[in-house]
Structures are given as structure tokens and as C-alpha cells.
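Q: Okay, handing you the structure first.
The values are calculated or read from the model by the stated rules, or taken from the named source; none is laboratory data. Just so it is clear, the model here is predicted, and its values are computed rather than measured. Cβ coordinates were reconstructed from backbone atoms using ideal geometry, including for glycine residues, and neighbour counts include every protein chain displayed.
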There are 2 protein chains.
Amino acid sequence: MTSSVLGQPVPQVTAQEKVLGRAQYSGDLKLPGMLHAKLLRSPHAHARIVSIDTAQAAALPGVKLVVTGQDVPERCWGVKHKQQHVLAVGEVRFAGEEVAAVVATSEDIARDALDLIRVEYEELPACLDPAASLNEGSPLVHPEGNLADEINISRGDVDAGFAAADIVHEETYKVHSQYPGYMEPMATLAAEDGNGRLTVWTSTQTVFLARARFAEALDRPVSTIRVIQPTVGGGFGAKIVEERSSVIAAFLATKVDRPVRLCLSRLEDFQSGCFSVPCSIKLKMGMTRDGRITAKDVQILSECGAYAGLAPEVMLVTAMRSDNMQKIENVRSCARLVYTHTMPRGAFRGFGGTQMSFALNSHMSVMADRLGMDPIDLHRRNAIKTGDVSVHGWNIGSCGLPECLDQVSTAIRWTEKRSRAKDIGPLRRGVGMAAAMHVSGNRTMGNWDGSTVVLKVNEDGRAQILTAESDIGQGANTMLAQICAEELGIPLSHITVSAPDTDSAPYNLGSLASRVTINAGNAMVKAARQARTQILEAAVQKLECDASDLTIADGAVQSTSNSNLFAPLPEICRFHIFRHGGDGIHVRVTHDPDTKMMDADHYGNIAPAYSFAAQAVEVEVDTETGRVRLVETYLSDDCGRAINPLSVHGQSNGAAVQAVGWTLYENLQFEDGQVMNGNLADYTMATADALPTLNSDIVESFEPNGPLGAKGASETAILPGAPAIANAIYDAIGVRITELPITPEKILAGLAAREQAHA
Amino acid sequence: MTSSVLGQPVPQVTAQEKVLGRAQYSGDLKLPGMLHAKLLRSPHAHARIVSIDTAQAAALPGVKLVVTGQDVPERCWGVKHKQQHVLAVGEVRFAGEEVAAVVATSEDIARDALDLIRVEYEELPACLDPAASLNEGSPLVHPEGNLADEINISRGDVDAGFAAADIVHEETYKVHSQYPGYMEPMATLAAEDGNGRLTVWTSTQTVFLARARFAEALDRPVSTIRVIQPTVGGGFGAKIVEERSSVIAAFLATKVDRPVRLCLSRLEDFQSGCFSVPCSIKLKMGMTRDGRITAKDVQILSECGAYAGLAPEVMLVTAMRSDNMQKIENVRSCARLVYTHTMPRGAFRGFGGTQMSFALNSHMSVMADRLGMDPIDLHRRNAIKTGDVSVHGWNIGSCGLPECLDQVSTAIRWTEKRSRAKDIGPLRRGVGMAAAMHVSGNRTMGNWDGSTVVLKVNEDGRAQILTAESDIGQGANTMLAQICAEELGIPLSHITVSAPDTDSAPYNLGSLASRVTINAGNAMVKAARQARTQILEAAVQKLECDASDLTIADGAVQSTSNSNLFAPLPEICRFHIFRHGGDGIHVRVTHDPDTKMMDADHYGNIAPAYSFAAQAVEVEVDTETGRVRLVETYLSDDCGRAINPLSVHGQSNGAAVQAVGWTLYENLQFEDGQVMNGNLADYTMATADALPTLNSDIVESFEPNGPLGAKGASETAILPGAPAIANAIYDAIGVRITELPITPEKILAGLAAREQAHA
């Protein structure tokens, strides 16, 4: 059967309302009597709050509430480290930390009132350099010390591995923090109703984890809180569980009898948003002459800023995930996470993978050069394969990495471009590539990575899907609707996916760890099949026939052998209710993948599937200005099966752009711990004029654990961008850049150093 | 185990927000950009619409839309008779019918614009007298004639029954139409979103039947519509499936790209609201000397107004329901429903039962007198009993009627008061009583009367109930929460019942036919038990123990034999998710009672249970003014088991008041088919000063088909009021009033006639 929906490049089911400008984001919502909140933030990276005088602010006409750290619950909230109050209490730990909140009848009044709050700070020495944070005498971010987390993993015999190596290469790489750069800065509307229940509409990737966060921070039971997800304009990891402004808005709504709206400006979003975790990675690898990796030793220093959040989990990924991409035995990883007096860093698309991908792929390229091998061949030589179990216990059910490498090298004309002459004037071109892997799902949020989908089929034969696996723009709703349409035999336009709502949706973890397609998709397949079975059983009863050759097509239940056995789908769906023992078709299915929690030694098959990607790029380096221009990019993603090729290409291209921005343009600037370029003019994300045509391709490795063969396609594609560009720059000008971002200054400095060395 | 919740008079779970004035009724809702609608109504009972000029209205600044019958879907909607357009097309059939609608930026502008619409009517002769409506030459309401429905039922040998009778009594009773008199006139807010889906917040008793109505009237699939029920301020039957203003509001929202709010004024609600079905009942009964009913012959003429709606079903109830209260064999019922050019009448608390209850109980009292029997004894003599099958095939699983009769007669000191001297001055006192039965559920909305409840237990061990069995003030949510608390072993305050929402709730029929307690209650019992089992199974896994003596109490799962086996409920509920194969506790249960559709001859056990009630009243009649004052009232309701005695008393007392209003005070006045007293000053509902202390008692007959013994308690109590008062008046002054309402004029006329007869 050729599918009319599955695998087809259909437009997103959420597209119409977005194109019409009618999608309702959290900041668009209005409620009668709604008040507006604004936050006063610390100007200091580290200071003691000596006193706060809110009297003048509170007296301003229109101001309904002014609160400070004195008014918030005593209990602290956090992912694992419970260390944050709703507003700063006693001390501020980063410039931008929320010190007071004003609620007023308009945003303008609230903003004016902020100026009337008098805070007396006693400035304290700040810890701003992660490398120095563990030194004796360093200012402490938290009384228990600046070490937030430490991970040590060792497998095989690393020393023996290095002894067996023909070549050993060691280098230190540094990667910087990236702003998530979603279109929609954080916005929240919160209101407590007459029964004392709190409803929070907020820009989130996961309503249930948001509910848990609010419950913890506000010190009240989860059941007293309802979280609804309006349309979300991107998350990229920052809207999972670390976001603070929504917590503050929720708190404020409990203090006034009216709804409270809190929308961050872009600057505020920069000051408090969840950036990616910067780190330095000392990587040492040994290889045999023929390119087999014999040993790998990694030392990581990651910086989480003032609060740990998800950074320990991010660092764990940096420390070990890429090991699973290759068939290696001897690895050692020592990683330390340190606090600094800067804004908290944490989850970000790729979740720690981009950091190590830069180091590993740069390293592979260097070592390939030393061995006189093509780096693509070196990747192939070491690549893990379908059916392998990786060094950390991951079962590779499908691996399309070789095909990804094939696709991108062919597309960019790899061999031809690598071999051409380089000394051709001030503009030099080079090609580079990188390979990467990611999880599809991850059993680390607790010993469960399942997904539950509720499917209702209405009396008109159309369907409604209830889930809290949220669509944040990546296409989750379209994926679910396509699977449902395919399995149920109804048109895509007959399916509605409800907005996530903790009151009505089943418990789900939401959009993180590239888990939605593989987990919710599997639940959706099962739910649709159950509903289909129910419909066909009702049809058997209604038509008084045998079920064996009934099918659903063209809006009707019909026999494939007897054209008289026919009933419009709505008729059967009505009959499903209106009969003895009937009811509405309303199926609930949970799919929990057959994975394992990592053990204490971080060993275990944590995900039902693993995605792979490769990227090849061509760059042009202006040796006079140091400017790097991306000439071509080819990205190939092994997503198992493309439920919707349009969505996969969208993810691939978006990820490629985000990687380009991180590598070449985005550069967060601090002064005394304060963000100096917190706006989209000075924090230069890649715009259309900086980009060539984005090319992406898809490898379908047909994952056996995936829904109809699919696995995740949201994050893998961001991983290879930075090292592919760095490798291409090296190919072009022979300068190896090991610290991101790759600025013209670094290019010129590299060229100068190279000339000096040659001189 | 003594329950701390079940059977206890706990306040309604909806009380807090109502008492605080924070409950959100449909009319309270506001959406950004919301527009306001107003309706132009026909001033004529019957007219042809010659032309409508909307140009001036449309040109008024602020007016966004003016529509007439020319703009509405061609398809007609209706319950069984599809005869209504969204707005009148070509012809108006009652004064008040909606002819045009204006949508504007404010209610005032919309109202002003109505005045600018020029409608040219050609007035036509109207059919206003139901008794003449079938006469040749009567103006026709619909081209197919004025007979809307006809029912003929005959059981046993009625003629032989009359032949065997020692006495036969025949009388014609007339009952009038009652305004439902809810606190909240109809209000609707409707908005179409960017995906073309229409959301309707409306005051309804049943969101799913409302959705079906909108879909039919707007000629679009049900799945493109979402209906949400805000807090509802009473329905009394009028907000089931006949309501028109919500249809118009829904339609208007599809014609403008902004939300539309339509709230009826009290006058409009009178003009278009769903009143009860007036009828005349010719009742003939035969009895043996010892009071056994040998035959019964009924002829009914009911008036449905301009459109049939649910009136055919109402008339069916009038025609046969009360037969089932008594052990009789020979009955004949001929009922005809006629159209008139008046507003549509239909469902109303008691659903046709009040009409016949007045006739039957008046009759029983008269015949008891003739036989020299106490009417209470006569009722007892004929009462159906637990285990009986009634003449129409109803299985009486529980019958507390004898106990009801005992309670009310004892409470009012029946024997003592009946025997006292009457001639004691101008103020005469008398006592009267009546008995009644009602269904609990009814398999006539389609061959299904089931109910589905979804129960989620959150990670904090608290529960959320999703259902569309709506609370319209009667206490459905409290009933469900009490059953859930009881069965799950958690406090009532830990349970939230979601507002009905067709997108997220399971398919349900809603609040009608006193079906919610018995059907949703049964589903709730099962759902709570399933959830409890799931919790205990998870506890067994977590505590590694045997399940047999685990229980849930005091917020924990604990062993009754081993105090070490103990875990807080939240811990187990979290564990239910976070484990291999886990998920949130989310149970869905449907209960469909073991009942039958009536056959073509109206025979069959349509309800899982039947409720009974009796009422005794004492009145004081001022023989000089004709004024009747209620001195005492005792009402006893056999609701099987009172899940919440406070709710049952609330229903009994509310019903008693509504019956008093109907009997003595409320009196709808027409002039040329126009309502002349459509306001609460002139349409005099019973107020506190007109009422004595309301006394009610409960009989618990423990219905085997009911949830924990319960059956419906919403409607039965309205049935005996009118005849009890009429019988008491007769006891006081010897005047038999057979036509409602019992006005002072009728009393004085009766007294005069009596004096003349005695003279």
C-alpha cells in the first residue's frame, strides 16, 4: 500500500494559524482584569542584599504588588540541586538575577515602579573564570564550594590502549555558550481561580515537568496547578525545566486575585535565559597506523553558572555520548562542573553533544592528516554498526552513519575539492566534514521514558489526539497526525492534536532528548491500531459480517471483497456509542521503550534508538580580513524513517544554521559578569545573508524500535556543524582553530602564527 | 468502615468559587477582540418576512456584521423534527423568533443597530389555541399540518377494567407552561481559531449534545467544534438540546474573525427560552370498592409551540410514566402534540411527569374521598413494590415509596390535621399529599445511556476527574468527588473535577433524565477501584510485599497487619510512572446500564432504577381574598442512597419551591402570542416571603443497580408539589381546582360555585 500521508512532505498541521498570524503564543493571551509584572534584576555578579525599600514603588498608582525575596517560599527548587528561590534571598549570584517583582495595571507602570525600588547591595568578589573557580580563595558561589558535579568514567584499559597506539594526539578545545535564540522570548500568564487552583499558560517544552517545577518552587501540590501550553515559538532546550520567569509569574498570580502576565524583553531573556554549557575539553586519542582508535582520554571542565540545573546531565553527555559512535574499548572521561557568578547554563539542542563533537571531529581530522588518511575513511574505519553494543552498553539497532558519510561526500564532491590546489590568492576555499550521533529518547529523567497518547474518534469519524508531548515548532503534532492518519485510514485534515494541558492530557515528559517521535510515535501507532480495531469490530456488529477483510478507506468502512459491505465511517462511529455496552471511541496507550537506566557507572542502553548525522561544508576564507564564508553545506540525517521529509529537512536546515551561528557569529560578551550584547543586533545570529543554500538529505535506516521505522530528528543535525567548518578552514588555510567562536581575529592570528612558524 | 465522605452532608466542591463570586459563567468570559451580538426578534406570532433592509444597521460605526435568514445554512436542525434554521427564513412562527443578528464592538452599538434594521412583515393569522389547532382551517405552523406527534399506548383490557370497577371517575386537568427560571439567562461566547476550529463556551447541560446541535445547525463536522461548559447557573431541562441562542452565537463566530459574545436579557430569555409543555389531560379511572385501580384511560393534548424539540418525548412521559408507579394492568393512553404559533416548549425538570402527576394525584384524592379512604392508604394500596415489573415493563429494583408516604404523613401529623374541623373562620387550613416516581437514567437518547469517566491520579496522590456529565448546580461534581474519595481513600479536597470540554472529556450525554448519579456514579466507582488497584499493585512492587492487606488511608499506602509496610501515597504514585513499563495513573471506565430501548409499543425497562417521592403540605386559604398560603411542606425522596444528604435536600427543597411557584404564582401571560410578563417582577416566581420552612427527608432504599446504592435525586421531588397543594386546598375549603395555576380568582370562583351548589 502506498501511503498518501506517511513519508510525505506535508505542511505542518500547525502551519495555517501561524501563517495567518492567528496562533496564540503565551504573550498573546489576555484575561479579564489581567495585571502585568516586571522584574528588577541584580546589576552585580555577586553581592549581598543589604536592604530593599519597596515603599515608593508600592505607592505608585496602579501598582498592585511588590515582592522581594522576603515574600517567597523558604523552600528552594532545582533539578537535582535545590538551590534557587523564586526571587533572590539575601544574596545575588549573577548579574541579571531576579531581586524583586512588581505587578501593576500596565507594563509601563510596572516598569516605572522598578525604578522606585531602592536596593542596597554590598558588592562581593565574583567568581567569573571557570578555570579558576576551584582554586583556593576563589569566591564561592554556594557555601558548599564551587564544584557542582564530577563524573569519572573508565572502560577497558586506557593506558594499555595508548601503549598500543602508533600515534597519539592531544589537544584542548574550548567551546562557548550559545543563546537559544528562539523567536519567542519567555512569556507566561498565570491566574488563580476561585477554587484556589493556579492555571499557568507558559512557553514550555513540557507541561508536566513545568507543573512539577511550579509545585516545588511554590511549595504546593502539583494537583493544585494546571499548566497549559499555548503555541510555542521554539525552545531548543531552554524551556524544559530550568526556566525561572514562569516560576516567578506563577508565584505572583498566587499573591494577587487577578491574572498576571510576565513577558521578558529580549534583553531580559538574554540575562536570564538558559544558555548552553561552555566547557574546555582536553582530548587525547591514540590510534594504530591503520586508523583504529586504541584509547581515548577526556578531561572536561564545564561551567554551569550560578545554579546547576540540568548542567550535570549535559556534562555527562559531553563526557561519554560520542564514545558510542565509534567501536572503541578503552576510554576514560573525567569531567568537572563548576559554578561561576554568571547566569545559569544548561539544556540546549544537542544537550552537551555539540561541545564534544567539536573536539572529537577536529581531532579525527587532525589524526587523519597525520595518518595520511581521508577523515571520511577514518570515520568509517571506527564507526559503530547496526547490531553493535557500544562501549557504554548502547545497543545500536540501526545505524545509517556510513550512508550519511556517502551522501554528504558525494554531494559536496569531497575528493575533488579536497585535492585541489589551495594557494590561489587571498580567498581560499576548503572542505571539512564531521559525523555525530544522538539519542532518540533517554531513560534518565527517572526510570521511565514512556509516552502516553489518548486518541478519541468522534461521531463524524474524525480524530482528536490528546498528549503532552509538545509541539514547540519541531513538528510533533504533524508527526502524530500523520501516523494516526496512516494507521486509521483517514485524511490528515480530519485529525486535531490538542494543546498540552496537565488537567486533561495523560502524563508525559514532553519535548526533550529527541524522544517524541520514537516514544509518542510508538504510542500513537498502537493507539491508532486499537481504535481501528474497535471501529472494525463495531462495523462487524453493524454490518453483520466477518471482520477479516474490512478496511477503512475513503471515509468508509468497507469490505475488500464485497462492495455491498460498506458503511460510512461516521455511521460506524455513531454506532460504536449508541448500542448496548457502547461508548465513544477513546483509546489510551502507553509505550515505554525497552531501555535501561544507566547504572552507577553510567553503563546501560538508555535509549530505544540512536540517530546519526554527517555534514560536509565548503568554506571560503578571506586571508586578508579573516572572514569565513560558508560556500556550501550538505547535511545528512539518519532519522530511521522520515515520517515527514519536510519536517526532517526543516530540522536539519535549522540545526545547520544554529551551528553556523555558534561557530562563526554568535559571541556572548561579558563585562564584570554582565551580558554586554543581550540583543539580536549585537549578538549576531546567522541571518539569511550569511548563509548559502541549505542542503540536507535523509538516510532511512529503518529503526526496528521506532514507530514505522522512525527515530528522532531534532538534535543530531546540530552536532557536526562546528567541527565541519573548523576542518574546512584548516583545509583552506592550514590553520587549526580549537576555540569557538571562529572569529576573523582568530583566523588572522592563526595565519600570522603559521607564517611565523614557516618563516 | 464508617465513611468520612460518603453519605456526609459536605458542602459542594463548587461552592467556594461561587460564594466568592469568582465562578466564571459564560457571560463572564472575555476574549481579546471580543465582539457583541444582539438579536432582532419577530413582533408577530405568525408573519411572512417580505423584506429585510440591513443597510443602515450595517453602516453604523462599530457594527461588524448583520445577518438574516438569507445568510444561514440551508440545512435545518432539530431534535427529531429538523425544522429550524439558525435565523428565521421566509416566515416567523412565534413572537420572539430570531429574524436578524448584529455583531458589533459593544452591546450598546449592537442594540442600537437593531433599531436600524427594517423588516417588512406580512402578518398572517396565527394558531394560538392548541385546542383549535387541529381544526380544519386553523392556520398551519408547518405545511405538513399542526399535529407534531401522536402516541397511542394500550395495555391489558381497559374496557373490561372499567366494567370491573365499582367506581369510575373522569376529569379533565389543565396545566400551564412554566419558565425554567434559572439564575443565569442563556449566554454564549464563541470563537473560531486560526485553524478554523470553532470553540463555544455556553451555558449547557450537555456539551456533547450541544456540539452535535451546532454541527447540525452550522452544517459542519462535529470534530471542527469544541464546546466547553463554564459554570452553569441552572438548566432545569431548558439547556439540553433545544436552546437556540447558542446556535446563533456559534454561527456568528464563523462569520467574523473575532470572538462573539451573546448574552440574552431576561426578557429575551423569556421570549425564546424553553418553557415546559402545557397540556390538557382527560383522565378516567376505575377502582374497586377497596381501592384497587382496575382501569385507566388518558387523553392528552400537549402543545409544543412552533417547533417540536423534545416535546414528543416529554409528551410520552406524560402519557405513561406515572402508570409505572402503580400496580395496574389495564391502561390506555392517547396523546397528541400540536404546534401553535408560540415559543417552543420542551424539556423541563420532571420532563412531562409534573403534568400527569397533577392529574393523577388529584384524581387519587378525589377517588379516595369517594371511597371513604385515606388517600395515603389508597396510594399504598396501589403502589408498585420492589421486585415488581410495571405495566410498561419497568423492573423496579428498589422502591421506597411506602417509606416516603410514612415519613411525610408522620411529619405533617396527617391524621390529626385531616380530622380537625374546617369551619373555623375566613382562614381555613387543609392538608394534601401526592406521590410520584421518576426515572434514574433513560435509554431513549439513542440505544445508549452509558457514562464514561476518566480518572487521573497525579504524582502527589491527588485526583483529577474528566467527564462531560455536567454539574449545572445540582451537585454532580460533588457526587463524583465523594465517590472517588470514598473508593480511593483520599480526602475530598484532593479531588478536582474538570469542566466539561468536548476536546478532552470522554463522550457523555450530560445532565438529563436524572441519569448522572446512577450512570456516572457507577462509572466513577469502577474507575476509582481500578485506580486503587493500580496503586496497590505498584505499592506491592515498591514495597516488595503481598497486596492482600494493603489499604490507602491517611495519605499513605499501608499494611493493615504490618506497620512497617508503609509508603506515602505520592511516593507510590510517582513510582507508578517512574519504573519499567510505568505511566501516569489514568483510568477510563464506561458504565452502560443493563436497560433496554422501549420497543415500538413503548414497552421496555428503560432505566436502571426508578426514584420515588411523596409530599404532604398544609395550606391556609383566605376565603375572603382567595389567597393560598403554604403553611407547612414535607417532602420525602427515595434516592436509593444519599451520596450527599445536603445535595439531596437542596434538590428536594429547590424542587418544592419550583412546584409551589408553578402551582400558585407563576403565570405566563400572552397577548396575540406575545409574552406580556417576561420579567421576574411580573412573572412571579416564589420568593422567600411566600414560603414556609422547607422540610425534606430522605428514604434510602439502596438500589442494587446504583452506585453504592444511589439513584437519581434531581427531578422526582418536583412532581408531587402541585397536586399536594390542590388536594390540601380541597381539604381546606372543599374546592377542587383542576387547572393550574391556582390563582385567587379561581379559589374565589370555586368558593362561589360551591356556595351556589350548596344553596
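Q: Name the residues in the range B:489-512 that are in contact with a Phe, Trp or Tyr (Cβ under 7 Å, 6 or more places away or on another chain) and more than 10 Å from every other protein chain (Cβ to nearest Cβ), would you?
A: Result: B:Gly510, single match.
Q: Looking only at the range B:220-273, filter to residues that are in a loop (DSSP other than H, G, I, E, B) and of a type in the set (A, V, I, L, M); which one of those is farthest from the chain's Cα centre (by Cα)?
A: Once the filter is applied, the top-ranked residue is B:Val256.
Q: Something else now. Given A:Asp28, A:Asp53, A:Asp71, which one is closer than 27 Å to A:Thr199 by Cα, away from chain B (no Cβ under 14 Å) and charged (D, E, K, R)?
A: That would be A:Asp71, the only listed residue that is closer than 27 Å to A:Thr199 by Cα, away from chain B (no Cβ under 14 Å) and charged (D, E, K, R).
Q: Sort through A:Ser714, A:Ser696 and tell me the only one that's polar (S, T, N, Q) and either touching a His at 6+ places or on another chain (Cβ under 7 Å) or surrounded by fewer than 24 Cβ atoms within 10 Å (Cβ to Cβ) (or both).
A: Exactly one of A:Ser714, A:Ser696 is polar (S, T, N, Q) and either touching a His at 6+ places or on another chain (Cβ under 7 Å) or surrounded by fewer than 24 Cβ atoms within 10 Å (Cβ to Cβ) (or both), namely A:Ser696.
Q: When you look at A:Leu65, is it part of a loop (DSSP other than H, G, I, E, B) and crowded, with 17+ Cβ neighbours inside 10 Å, yes or no?
A: no
Q: Taking the stated definitions as given, is A:Ala724 more than 26 Å from A:Asp129 (Cα to Cα) and out of contact with any Cys (no Cβ under 6 Å at 6 or more places or on another chain)?
A: Yes.
Q: Restricting attention to the range A:404-414, does a residue exist that is in a strand (DSSP E or B) and modelled with pLDDT of 95 or more?
A: There is no residue in the range A:404-414 that is in a strand (DSSP E or B) and modelled with pLDDT of 95 or more.
Q: What are the residues in the range B:157-189 that are hydrophobic (A, V, I, L, M, F, W, C) and in contact with a Pro (Cβ under 7 Å, 6 or more places away or on another chain), if any?
A: Passing the criteria: B:Val175, B:Leu189.
Q: How about the range A:660-707: which of its residues are charged (D, E, K, R) and under 30 Å from A:Ile396 (Cβ atoms)?
A: Passing the criteria: A:Asp697, A:Glu700, A:Glu703.
Q: Another question, if that's okay. May I ask you to list the residues in the range A:649-691 that are farther than 27 Å from A:His44 by Cα, assigned to a loop (DSSP other than H, G, I, E, B) and in contact with a Leu (Cβ under 6 Å, 6 or more places away or on another chain)?
A: none
Q: Another question, if that's okay. Please state which one of B:Ala45, B:Ala37 is surrounded by 16 or more Cβ atoms within 10 Å (Cβ to Cβ), assigned to a loop (DSSP other than H, G, I, E, B) and away from chain A (no Cβ under 14 Å).
A: B:Ala45
Q: Considering only the range B:206-222, state which residues are of a type in the set (Lys, Arg) and surrounded by fewer than 24 Cβ atoms within 10 Å (Cβ to Cβ).
A: B:Arg220
Q: Report yes if A:Gly196 is more than 30 Å from the chain's Cα centre (by Cα), surrounded by fewer than 18 Cβ atoms within 10 Å (Cβ to Cβ) and closer than 30 Å to A:Thr231 by Cβ, otherwise no.
A: The answer is yes for A:Gly196.
Q: If you don't mind, another one. If only one of B:Val5, B:Val13 is within 14 Å of another protein chain (Cβ to nearest Cβ), assigned to a loop (DSSP other than H, G, I, E, B) and closer than 30 Å to B:Gly709 by Cα, which one is it?
A: B:Val13
Q: Hey, another quick one. Pick from A:Ala710, A:Ala728: which is closer than 17 Å to A:Gly432 by Cβ, modelled with pLDDT of 95 or more and in the same structural domain as A:Leu405 (by TED's automatic domain parsing)?
A: When all the criteria are applied, what remains is A:Ala728.
Q: Looking only at the range B:525-536, decide whether some residue is touching a strand residue (DSSP E or B) at 6+ places or on another chain (Cβ under 9 Å), buried (at least 24 other Cβ atoms within 10 Å of the Cβ) and either hydroxyl-bearing (Ser, Thr, Tyr) or within 23 Å of B:Phe208 (Cα to Cα) (or both).
A: There is at least one residue in the range B:525-536 that is touching a strand residue (DSSP E or B) at 6+ places or on another chain (Cβ under 9 Å), buried (at least 24 other Cβ atoms within 10 Å of the Cβ) and either hydroxyl-bearing (Ser, Thr, Tyr) or within 23 Å of B:Phe208 (Cα to Cα) (or both).
Q: Could you grab me the full set of residues in the range A:118-150 that are among the hydroxyl-bearing types (Ser, Thr, Tyr) and touching a strand residue (DSSP E or B) at 6+ places or on another chain (Cβ under 8 Å)?
A: A:Tyr121, A:Ser133 - these are the residues of the range A:118-150 that are among the hydroxyl-bearing types (Ser, Thr, Tyr) and touching a strand residue (DSSP E or B) at 6+ places or on another chain (Cβ under 8 Å).
Q: Which of the residues that make up the range B:533-585 are among the acidic types (Asp, Glu) and under 20 Å from A:Ser223 (Cβ atoms)?
A: Hits for the range B:533-585 are B:Asp554, B:Glu571, B:Asp583.
One line per residue, one yes/no per condition, for (1) within 14 Å of chain A (Cβ to nearest Cβ); (2) surrounded by fewer than 24 Cβ atoms within 10 Å (Cβ to Cβ); (3) touching a strand residue (DSSP E or B) at 6+ places or on another chain (Cβ under 9 Å):
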position	(1), (2), (3)
B:Ala434	no, no, yes
B:Thr444	yes, yes, no
B:Lys456	yes, no, yes
B:Ala463	yes, no, yes
B:Ala468	yes, no, yes
B:Asp471	yes, no, yes
B:Met479	no, no, no
B:Gln482	no, no, yes
B:Glu487	no, yes, no
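Q: Checking A:His363 against (1) in contact with a helix residue (DSSP H, G or I) (Cβ under 6 Å, 6 or more places away or on another chain); (2) farther than 22 Å from A:Ala238 by Cβ, only one condition comes out false. Which one?
A: Condition not satisfied by A:His363: (1).
Q: A:Leu360 - would you say it is touching a residue at least 40 places away in the same chain (Cβ under 8 Å), surrounded by fewer than 24 Cβ atoms within 10 Å (Cβ to Cβ), aliphatic (A, V, I, L, M) and not in a loop (DSSP other than H, G, I, E, B)?
A: no
Q: Follow-up. From the list A:Gly286, A:Gly273, A:Gly291, which one is closer than 30 Å to A:Met676 by Cβ, more than 14 Å from chain B (Cβ to nearest Cβ) and either buried (at least 23 other Cβ atoms within 10 Å of the Cβ) or modelled with pLDDT of 95 or more (or both)?
A: Result: A:Gly273 is the single residue among A:Gly286, A:Gly273, A:Gly291 that is closer than 30 Å to A:Met676 by Cβ, more than 14 Å from chain B (Cβ to nearest Cβ) and either buried (at least 23 other Cβ atoms within 10 Å of the Cβ) or modelled with pLDDT of 95 or more (or both).
Q: Go through the residues of the range B:128-137 one by one and say whether even a single one is touching a residue at least 40 places away in the same chain (Cβ under 8 Å) and among the polar types (S, T, N, Q).
A: yes
Q: Same structure, new question: Which residue pairs have Cβ atoms under 6 Å apart, sit 6 or more places apart or on different chains, and have a first residue in the range A:592-609 that is under 15 Å from A:Leu512 (Cα atoms) and a second that is among the basic types (Lys, Arg)?
A: A:Ile606/A:Arg443; A:Ala609/A:Lys711
Q: Quick one: which residue in A:Ile240, A:Ile225 is surrounded by 24 or more Cβ atoms within 10 Å (Cβ to Cβ), within 11 Å of chain B (Cβ to nearest Cβ) and of a type in the set (A, V, I, L, M)?
A: Testing whether each residue is surrounded by 24 or more Cβ atoms within 10 Å (Cβ to Cβ), within 11 Å of chain B (Cβ to nearest Cβ) and of a type in the set (A, V, I, L, M) leaves just A:Ile225.
Q: Find the strands (runs of 3 or more DSSP E) located wholly in the range B:517-619 whose residues include 3 or more that are within 14 Å of chain A (Cβ to nearest Cβ) and at negative phi, and list them.
A: B:585-591
Q: Tell me which of these A:Arg413 doesn't satisfy, since it passes every other one: (1) in contact (Cβ under 8 Å) with a residue 40 or more places away in the chain; (2) at positive phi; (3) over 30 Å from the mean Cα position of the chain (by Cα).
A: The number of the failed condition is (1).
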